[in-house]
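Peer 1: Got a structure for you, questions after.
Throughout, read-outs are computed from the coordinates displayed, never taken from laboratory work. Given the structure is predicted, the values throughout are model-derived calculations rather than measurements. Note: ideal-geometry Cβ built from the backbone for every residue, glycine included; neighbour counts use all protein chains shown.
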Ligand SMILES: [Zn+2]
């Protein structure tokens, strides 16, 4: 199920975090790039880790 046109949204709340951060992009990879910095600095998560990346991707809508 891949669509290049579908916009993706990520909210920290969907990870169960007490955070109002929200970001949108045209696809998962672009969205990942945009939220990497935030999750690293604000939540001390490592988006390079496969487990963390999977968790983040699952939270994308
Ligand atoms: Zn956050």
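Peer 1: If a paramagnetic tag sat 7 Å from the Cα of residue 6 along the Cα-Cβ line, which residues of segment 24-47 would have the backbone N under 20 Å from that point?
Peer 2: Label zone hits: 24-35.
Peer 1: Moving to a separate point now. Helix 50-59: angle to the longest alpha-carbon principal axis of the chain, degrees 0 to 90, nearest 10?
Peer 2: 60 degrees
Peer 1: Using a 10 Å cut-off on Cβ atoms, rank the peptides 8-14, 54-60 from the highest mean neighbour count down. Working shown, then result.
Peer 2: Details: 8-14: 17.3, 54-60: 15.1.
Put in order of decreasing packing, that is 8-14, 54-60.
Peer 1: According to the Cα gyration tensor, what semi-axes, each the square root of 5 times an eigenvalue, does the equivalent ellipsoid of the chain have, listed from largest to smallest in whole Å?
Peer 2: Equivalent ellipsoid of the chain: 18, 12, 10 Å, largest first.
Peer 1: How tilted is helix 28-43 with respect to the longest principal axis of the chain? Cα atoms for both, answer in degrees (0 to 90, nearest 10).
Peer 2: Compared with the principal axis, the helix lies near 10 degrees.
Peer 1: Relative contact order for the chain: what is it in percent, counting Cα pairs under 8 Å that are at least 6 residues apart? Numbers along the way, then the final one.
Peer 2: Details: 67 pairs, mean separation 20.6, N = 61.
Reported as a whole number, the value is 34 percent.
Peer 1: Let me ask another. Which order, highest average first, do 20-29, 43-52 follow once you tally other Cβ atoms within 10 Å for each residue and take the mean per peptide? Before the final figure, lay out each step's value.
Peer 2: Values: 20-29: 13.7, 43-52: 11.8.
Going from most to least packed, we get 20-29, 43-52.
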